[in-house]
Amino acid sequence: MGSVGAKDVPVLLSPEGLRIDGRRVNELRPIKITAGALKHADGSAFVEWGANKVMAAVYGPREVHPRHLQQNTKAVIQCKYNMAAFSVDERKRPGLDRRSQEISKVIAEAFDSVVFAEEFPRTSIDIYIEVLQANAGTRCAGLVAASVALADAGIPMADLLPAVAVGKAGGAIILDLKKEEDNFGEADLPMALVPQSGRLVLLQMEGHMTREELATALDLGVQGCRGIYEVMKQALRDRYAVAPAEASA
Amino acid sequence: MKPGPGTYRVGGRVYASVLGLLSRHPPLVQVVPLSGRYIPKPNDVVLGTVTDVQGTFWLLDIGAPRWAPLHMTGTPWKIEIGETDQYLRVGDSVVVRVENLDPTGRIGVTMLGEGLGKLEGGSIVNVAPARVPRVVGRGGSMIQTITRRTGAQVAVGQNGRVWVNGDPEAIHRVREALRMISEEGQRTGLTERVDSYLRATGRSGEQGLEEPPNESARRDAPAAPYASSPPSEGSDEEHDGNADGWHDEND
Amino acid sequence: MSDEVTAEILTTHILDLAGQGKRLDGRGTDDYRKVSIEPGFVVTADGSALVRIGDTAVLAGIKLEPGKPFADTPNAGVLTTNAELIPLSSPTFEPGPPQPGAIEVSRVVDRAIRAAETIDLTRLCVTPGEKSWVCYVDIHVLDHGGNLIDAALLAGVAALTHATVPAKRFEVGDADYPLEVLHTPVECTFVRLGEAIVVDPTFDEERACQGRLTVATDETGRIVAMQKGLVGAFSPDDVKSTVERAFQHGDRMRAMIRGGAG
């Protein structure tokens, strides 16, 4: 909250190689995923990741509205990423902005790359992502939430989509940037991985890094995604698990 | 292993494509979904709600990805073009059978056949389509328990929509039993728990009785005309019992 | 899809039950579903609360920023209430600009907060005519299981009750301080189902109803806002009896807001 008027760049990496919150360069923030967090969506998930809180809901496959978006051979995948007005330090004015529209587009396309949309021609799969509390990496948190929500909605797809941002701060390549590292760092590189194929279906970069740094960053990101993948699978197991203790109750 | 429903194959390996329970029937491997909308299959009997009326057909919401058109020739009525709204209106509930599915996703349904038609009275309860085999139970055991203990008439659509008819108390107890099945469908001993709930909530005169007094009269009631045969994958004994949809199998 | 249809059979069943003083989920005509209030759900907000009424979930967040007072009220701060019925929360909501339903929720909640003098707007004035706090009450519906108005106001008032004025962050003062809340309005919504008037309607009951009536009360015995909505009618005697019921439920929920717990 000290960003207003703050000119001092915080020390992002200590001489011992520790980050401002004590993490090592390859460490994720704590992540907790609740599958099926909402009652009225076909699928949903709530992700608490560091200081991010993101809710995602999936509706569909269902009839397409507006109808002119209907595609004859596959489901149209629509995504709306939105930030609540109170999710950031400076109140965000409600409504569409260019950043949210761009993020919505690249997330929809990432899912279009893994969802078996051709099984549901002329329908729509609608993904809604609401950022309730933001602290860097909300598009990745939103993507992870939406991916678990899609699985919870029973949508067929090649795989879950773990996502994470890698970046450069204090001269080092670091995994899973938090707000100060995002604000004062040198680069931010969000990505989403298809673990089954090892390919990336979302990749953006802001800032600058060398070829060598990029190679390191990609490795680190893939590694981070594989860790998140396990948390995502566990969230889905927990939702549908048989509770042995209660089984005899 | 041969990839069955709910799976796909890449480079000699079979992967799950939906969240569900792994089921191996060598050489076939499949994943039975735990969630999701109703995916129609030919001959499924389903409950639908009229969402739109056109000159020669109605559109039904059957909980599927698309609305299902019911053409006027698929009804027992002799209808003139433009008179469709005199027979079924928006909000009416019907029991129909899935007749055909075409590659464009169109779901053809018919109301011609035994047990099909417009529903009158009673109430409607929705359960997840993946829970339908549990609502019906092995050999219809669950649904028979429910109808026997409540005296209600119950019809289960394959799409998870359940029509319940009877006195308000009976409908309420069926609703609660269905809620239990929805929430506890993965656990064993469910039929016994539902049975003991229904016995405990029976009218005071019935409490502790092995059979409700009106049992014999109810035997003739159409217990579950639309849920005659649960699909074979419905029983959990055939599954490994883990919910790990992203488990891969070597070919 | 805004054109999701409720089965007529279900509507008829709901009305039949109401005629016998019963409801689909087993409640009596004057029972609320389980209410819970979770303050401080969002740390980026200056105050927040997640409210659940049954399977309805609403999140409210407060933001305070320095701004300019309106010309006609130079000695007062500015209060703005905005409710978003986002499509995440219901298959019946569409993306796009606010629909009339969302605007109605915003305005009914805003009227109750304002008329009850929940916060003393003159206390939000920094320099008369030049600088004052702008207090935003942003309400996000997350799960729509009916009775959004009651949940929205409950969330908004609970969020205000636990809010902090960020004076230090905006260099308006030396330290942040708690927002002073003078009164605690609570809205109670009823729907007519035949001759019965039931409190805290579910989504299906709202679809089946013949009129909705919302009564906002405060702890001093004042009625601070009312709204008749949806198609249907109420007699003056209906209105009087719902007001009495609204005070009883209101007092119970006011205790929950102050306690800040479910």
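Among the residues of segment C:91-105, the ones that are at pLDDT 95 or above and either more than 22 Å from residue C:51 (Cα to Cα) or surrounded by 20 or more Cβ atoms within 10 Å (Cβ to Cβ) (or both) come to 1 in all.
For segment B:130-161, a tally of residues being assigned to a loop (DSSP other than H, G, I, E, B) and under 20 Å from residue B:197 (Cα atoms) returns 3.
Put simply, of A:161, A:202, A:193 the only residue that is within 14 Å of chain B (Cβ to nearest Cβ) and touching a residue at least 40 places away in the same chain (Cβ under 8 Å) is A:161. Residue pairs whose Cβ atoms lie under 8 Å apart, separated by 6 or more positions or on different chains, with the first residue in segment C:220-237 and under 18 Å from residue C:209 (Cβ atoms) and the second part of a loop (DSSP other than H, G, I, E, B) and of a type in the set (A, V, I, L, M, F, W, C), are C:228/C:234; C:230/C:209; C:232/C:209. For segment A:1-46, how many residues are in a loop (DSSP other than H, G, I, E, B), at pLDDT 95 or above and within 13 Å of chain C (Cβ to nearest Cβ)? The qualifying residues number 7. Residues in segment C:81-91 that are closer than 22 Å to residue A:62 by Cβ and in contact with a Leu (Cβ under 9 Å, 6 or more places away or on another chain): 4 in all. Counting only strands (runs of 3 or more DSSP E) that sit completely within segment C:18-105, those holding 1 or more residues that are within 13 Å of chain A (Cβ to nearest Cβ) and more than 20 Å from residue C:164 (Cα to Cα) correspond to C:47-53, C:56-67, C:78-84. Residues of segment C:187-197 that are surrounded by 24 or more Cβ atoms within 10 Å (Cβ to Cβ) and in contact (Cβ under 8 Å) with a residue 60 or more places away in the chain: C:187, C:188, C:193. When residues in segment B:74-96 are screened for being more than 25 Å from residue B:123 (Cβ to Cβ) and in contact (Cβ under 8 Å) with a residue 12 or more places away in the chain, 4 of them pass.
Checking each residue in segment C:106-119 for being within 16 Å of residue C:76 (Cα to Cα) and surrounded by fewer than 18 Cβ atoms within 10 Å (Cβ to Cβ) picks out C:114, C:115, C:117. When the strands (runs of 3 or more DSSP E) confined to segment A:132-249 are screened for residues that are under 30 Å from residue A:75 (Cβ atoms) and touching a helix residue (DSSP H, G or I) at 6+ places or on another chain (Cβ under 9 Å), those reaching at least 2 such residues are found at A:163-169, A:187-194, A:199-203.
Does segment C:239-259 contain at least one residue that is touching a residue at least 60 places away in the same chain (Cβ under 8 Å), part of a strand (DSSP E or B) and among the small types (Gly, Ala, Ser)? So far as segment C:239-259 goes, no, none of its residues is touching a residue at least 60 places away in the same chain (Cβ under 8 Å), part of a strand (DSSP E or B) and among the small types (Gly, Ala, Ser). Would you say residue C:88 is closer than 30 Å to residue A:45 by Cα and either under 13 Å from the mean Cα position of the chain (by Cα) or of a type in the set (A, V, I, L, M) (or both)? Yes: the conditions hold for residue C:88.
For the structure I just gave you, tell me whether residue B:164 is outside any loop (DSSP other than H, G, I, E, B), closer than 24 Å to residue A:39 by Cβ and touching a helix residue (DSSP H, G or I) at 6+ places or on another chain (Cβ under 7 Å). Judged against the criteria, residue B:164 is a match.
Residue B:79 satisfies every condition listed in (1) within 14 Å of residue B:163 (Cα to Cα); (2) surrounded by fewer than 22 Cβ atoms within 10 Å (Cβ to Cβ); (3) touching a helix residue (DSSP H, G or I) at 6+ places or on another chain (Cβ under 6 Å) except (1). Residues that are part of a loop (DSSP other than H, G, I, E, B) and touching a Lys or Arg at 6+ places or on another chain (Cβ under 7 Å) are absent from segment B:119-127 altogether. Within segment A:76-89, the set of residues being facing another protein chain (nearest Cβ under 8 Å) and either among the β-branched types (Val, Ile, Thr) or not in a strand (DSSP E or B) (or both) comprises A:84, A:85, A:86, A:87, A:88, A:89.
Of all residues in segment A:152-177, those satisfying the criterion of being crowded, with 24+ Cβ neighbours inside 10 Å, over 30 Å from residue B:6 (Cα atoms) and of a type outside the set (Asp, Glu) are A:165, A:166, A:167, A:168, A:169, A:173, A:174, A:177.
Note on segment A:93-108: residues that are in contact with a strand residue (DSSP E or B) (Cβ under 7 Å, 6 or more places away or on another chain) and either modelled with pLDDT of 95 or more or within 17 Å of residue A:195 (Cα to Cα) (or both) amount to 6.
Reported count of residues in segment A:109-127, each being more than 22 Å from residue B:105 (Cα to Cα), touching a strand residue (DSSP E or B) at 6+ places or on another chain (Cβ under 7 Å) and surrounded by fewer than 22 Cβ atoms within 10 Å (Cβ to Cβ), is 0. Annotation: of all residues in segment C:114-157 being of a type in the set (Val, Ile, Thr) and away from chain A (no Cβ under 14 Å), the one that is nearest to the chain's Cα centre (by Cα) is C:149. Scanning segment C:219-238 for residues that are closer than 22 Å to residue C:192 by Cα and either in a strand (DSSP E or B) or of a type in the set (Val, Ile, Thr) (or both) yields C:223, C:224, C:225, C:226, C:227, C:228, C:229, C:231. The requirement of being within 24 Å of residue C:255 (Cβ to Cβ) and not hydrophobic (A, V, I, L, M, F, W, C) is satisfied by residue C:55.
The values are calculated or read from the model by the stated rules, or taken from the named source; none is laboratory data. Predicted model, so just to flag it, every value in this text is computed and none were measured. Ideal geometry is used to build each Cβ from the backbone, glycine not excepted, and the neighbour counts take in all protein chains shown.
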